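**Student:** Below is one structure. I have some questions about it.
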Amino acid sequence: MKKNLVLSAVAVLIVAAAAGSWWWSAAGARRVAHSGVPASANAAGGAPALVTLAAAQRQNVPVTVQVNGSVVPLNSVDLRPQITNTVREVHVKEGQFVKTGQLLFTLDDRPDQANLAKARAQQQKDEATLADLERQYKRSQDLVAQNFIAKSAVDATLSQLDAQRAAVAADRAAVQSAQVALGYNTLRAPIAGRIGAVNIYPGTLVQSSLSLVTITQLDPIAVSFPVPEGKLQDLLEASRTRTRVEAVVAGRKLPLQGALSFVDNTVDPLIGTVRAKAVFDNADQSLWPGQFVETRVIVRTIADATVLPASALMMLAEGSSVYVVDAGQKAARRKVQSLYTFGTQVVVRGVEPGERVVIEGKQNVRHGGMVRVEAASQSPPPADAAPGPDAGSAARAAPPGAGLVAERERT
């Protein structure tokens, strides 16, 4: 009895499996019929791949080097005294803008005034002695002409006269030296700019090792930035024409405009960069020494370049390639050479302007296969509209349970 029941159960299961297999085969056939794609097409490689295309453009592309740079002054002076002395008066305030030659500090000049007066007095004394010797020499010449004195007396007087002339010349040099020492007591601005912190007050004893103040030129000002050595030749060519350099400053809507003025004579072997410098007008003090800014310099321009979206490139083992789609919606893989990338675009060689390339859906495209272009914008169809060509695809993408319910409703 039990054996008969087991055999009956096995027979029922076999019949159910056969019925299910027949039902799924019939459902598959109906799905293919509804999709509009013949079975021979699916067997040959499936439906055309859904892709997004973009057309290659022709344009002039500037090659831009964008790096971070730092603001550096064109001139900066650390003002120090030439002598050891006491500060008598401070004529400026810290942070003040000064002009060239403006008086900054005055030191106690009384000792130097006295030395200058002493040197001048010595000069006057020696000049008086020189005048007396000149008169003596003239009388000696008259007397030797009348044979009243010997020739040796005239020679002795001439020797004294020459020595006194040398003494007067030394006195004049001493006066000039005293004047120079006296000039060290007034310190003036050697350049125009903005002074830094002032930590010197009247009565402070200063010496040559002490910095009184730092003067920094702010207008014009420079930006120093490193450029990769691969761009060195382009940078040297750009420096001959003083090409434009932009500096992006935080808080400003528009970048500042400057000119490339200097390229260093060596490449740093540690980091592989060469230092360059650009000069900017800085009347409104937008740039400040030591500030970090983003710099952009156009080193050259690629004329009549073929530009594609960078997303169209495929990086393969044999190099870069793209899928090019012809008028018959047939895709062909083509090797290209990437020349320059800027933003989301890339300059390539191997594609002609106007040709269409695949930018989305490349993973489903095969060389020589057909593609179907995705519309730029597609609104959902109304509820009473007839199913479009994608209805079969939607049915195939639906879970099996949904199809089973639909078949049961029809039966």
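**Student:** If you average the sequence gap of Cα pairs under 8 Å that are 6 or more apart and divide by the length of segment 236-280, what percent do you get for the contact order? Display every interim value, and only then the final one.
**Tutor:** On the way: 64 pairs, mean separation 14.9, N = 45.
Relative CO of segment 236-280 lands at 33 percent.
**Student:** While we're here: Kindly report the accessible area of segment 78-159 per residue (heavy atoms of protein chains, probe 1.4 Å, no ligands, DNA or RNA), in Å². Spell out each step's value before the answer.
**Tutor:** Values: 5380 Å² over 82 residues.
Ligands and nucleic acids excluded, the result is 66 Å² per residue.
**Student:** May I ask for the distance between the Cα centers of segment 284-311 and segment 66-82, given as a whole number of Å?
**Tutor:** Going from one Cα centre to the other spans 24 Å.
**Student:** Run through every distinct alpha carbon pair of segment 307-378 and return the Kirkwood hydrodynamic radius in angstroms, one decimal place.
**Tutor:** Evaluated on segment 307-378, it is 12.7 Å.
**Student:** Just tell me which lysines come within less than 16 Å, Cα to Cα, of Lys138; anything on the same chain fewer than 8 places away is out.
**Tutor:** List returned: Lys151.
**Student:** How much of the calculated P(r) for segment 242-360 lies past 26 Å, in percent of all Cα pairs?
**Tutor:** For segment 242-360, the fraction of Cα-Cα distances above 26 Å is 47 percent.
**Student:** Name the residue farthest towards the positive end of the dipole of segment 144-207 from the options Leu158, Ala178, Gly193, assuming +1 on Cβ of Lys and Arg, -1 on Cβ of Asp and Glu, about the Cα centre.
**Tutor:** Gly193
**Student:** With 5 Å bins from zero, work out the P(r) of segment 136-207 over every alpha carbon pair and list the percent per bin.
**Tutor:** 3, 12, 12, 10, 9, 7, 7, 7, 6, 5, 5, 5, 5, 4, 2, 1
**Student:** Would you mind estimating how fast segment 195-266 diffuses translationally, via Stokes-Einstein at 25 °C and 0.890 mPa s with the Kirkwood radius over Cα pairs, in µm²/s?
**Tutor:** Numbers: Rh = 16.2 Å.
Calculated translational D: 151 µm²/s.
**Student:** To continue, here is another question. If I compute solvent accessible area with a 1.4 Å probe over the protein chains, what percent of it on segment 255-370 is carbon and sulfur?
**Tutor:** Accessible surface attributable to carbon and sulfur in segment 255-370 totals 52 percent.
**Student:** Assuming R0 = 25 Å, what is the FRET efficiency of Gln285 and Arg80, from their Cβ-Cβ distance, to the nearest 0.05? Mind dumping the intermediate values first?
**Tutor:** On the way: r = 26 Å, r/R0 = 1.05.
The formula returns an efficiency of 0.45 here.
**Student:** Calculate log10 I(q)/I(0) of segment 77-167 for q = 0.13 Å⁻¹, where I(q) comes from the Debye formula with a single equal point scatterer on each Cα and nothing for solvent.
**Tutor:** Each listed q corresponds, in turn, to -0.65.
**Student:** Principal axis extents for segment 98-228, Cα atoms only, whole Å, descending order, please.
**Tutor:** For segment 98-228, the Cα spread along each principal axis is 89, 46, 23 Å.
**Student:** May I ask you to give the average projected area over all directions of the convex hull of the Cα atoms of segment 44-130, in nm² rounded to one decimal? Mind dumping the intermediate values first?
**Tutor:** Details: hull surface 73.1 nm².
Answer in nm², one decimal: 18.3.
The values are calculated or read from the model by the stated rules, or taken from the named source; none is laboratory data. All of these numbers come straight from a predicted model, not from anything done at the bench. Note that each Cβ is placed from the backbone with ideal geometry, even for glycine, and that neighbours are counted across all protein chains shown. We work out accessible area using only protein heavy atoms, side chains counted, and drop any ligands, DNA or RNA first. Shrake-Rupley method; radii C 1.70, N 1.55, O 1.52, S 1.80 Å.
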